[in-house]
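The numbers here are math on the coordinates, done by the rules we state, and not lab data. Computed from a predicted model, the values in this text were never measured in an experiment. We place every Cβ from the backbone using ideal geometry, glycine too, and count neighbours over all the protein chains shown.
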Amino acid sequence: MSSPPSSPPPAPPSPPLSADRAADSGLSEALGRLPMFPLPGVVLFPHALLPLHIFEERYKKMARDLLSSHRHLAVAMLESPDDAMTPGRPPVRPIMGLGEVVVAHELPNGRFNLVVRGKLRVHLERELPSDEPYRLIVASVREDLPIANAAELSDADQSLRALVGRLAERIPDGGELLRQLVASQTAPHELSDALAGALVVDPHKRQRLLETRDGLRRIENVTAEVVAMIGRVGVAGPAN
């Protein structure tokens, strides 16, 4: 499988978008007929970057089609990593990341190096019949729950930023990049997603964070990961 890895019937209209996303006509088009890239242990968060090396023939075709159209795809985690090379339609987790190809290089051997920028959480509504070698789905945008307590969310955001600053002080290699990542994300939900993409390693934790619709809970879970990392770095000996 690629790593981090005659025409079908027309798709029905995609579910409506929220007002701030409706202007993105490429996204609206994509949701009704969205290429899906299933990968073992890979989760794409909004506001995160995912590099992909495309080498399988079916996904080389997908890459070419993406680059000639809306450039959006869904990255789905396989239910079982053992299904990575399974033909057909192995089961995937229904909540997945939608991203846009922002960098693409075709190599002389026909392979591709892509960079995908996460944009949204989406829910798999159904899979489409298709003559393409890759899978196509209809997806809907998975919105966050309404904010119950804006002050509490703001406090949690500031606490997370302070803790990431402490972590950055303890890692000589990468500390400045971590500070830049925090500075580039102004909203709490953007920060928690970007940090989850950069710092959370366990794929099952990553998937649970992707599936969590409560923004405050996501921040709390990412904060716990940062606290644990500070503890591990401290045991190894912080930089002075």
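Across all Cα atoms of the range 150-235, the radius of gyration (one decimal) and Dmax (whole number) stand at 12.1, 35 Å. Remark on Arg135: its backbone amide H falls under 5 Å from those of Met36, a criterion applied only to residues 5 or more positions apart or on other chains, H modelled at 1.01 Å from N.
Model label points for Glu57 and Ala224, set 7 angstrom from Cα along the Cα-to-Cβ axis, are 4.7 nm apart. Distances between placed amide hydrogens fall under 5 Å for Leu44 paired with Gly97, all partners being 5 or more residues away or on another chain. The HN-Hα couplings worked out from phi for the range 156-169 by the Karplus form 6.51 cos²θ - 1.76 cosθ + 1.60 (θ = phi - 60°) are 5, 5, 5, 5, 5, 4, 5, 5, 5, x, 5, 4, 4, 5 Hz, whole numbers, x standing for Gly and Pro. Looking at (1) -0.56; (2) -0.51; (3) -0.43, which value of log10 I(q)/I(0) by the Debye sum over Cα atoms at q = 0.10 Å⁻¹ comes from a calculation on the structure shown? Of the listed options (1) -0.56; (2) -0.51; (3) -0.43, (2) comes from this structure. Summing Lys and Arg as +1 and Asp and Glu as -1 over all other residues whose Cβ lies under 14 Å from the Cβ of Leu167 gives a net charge of +1.
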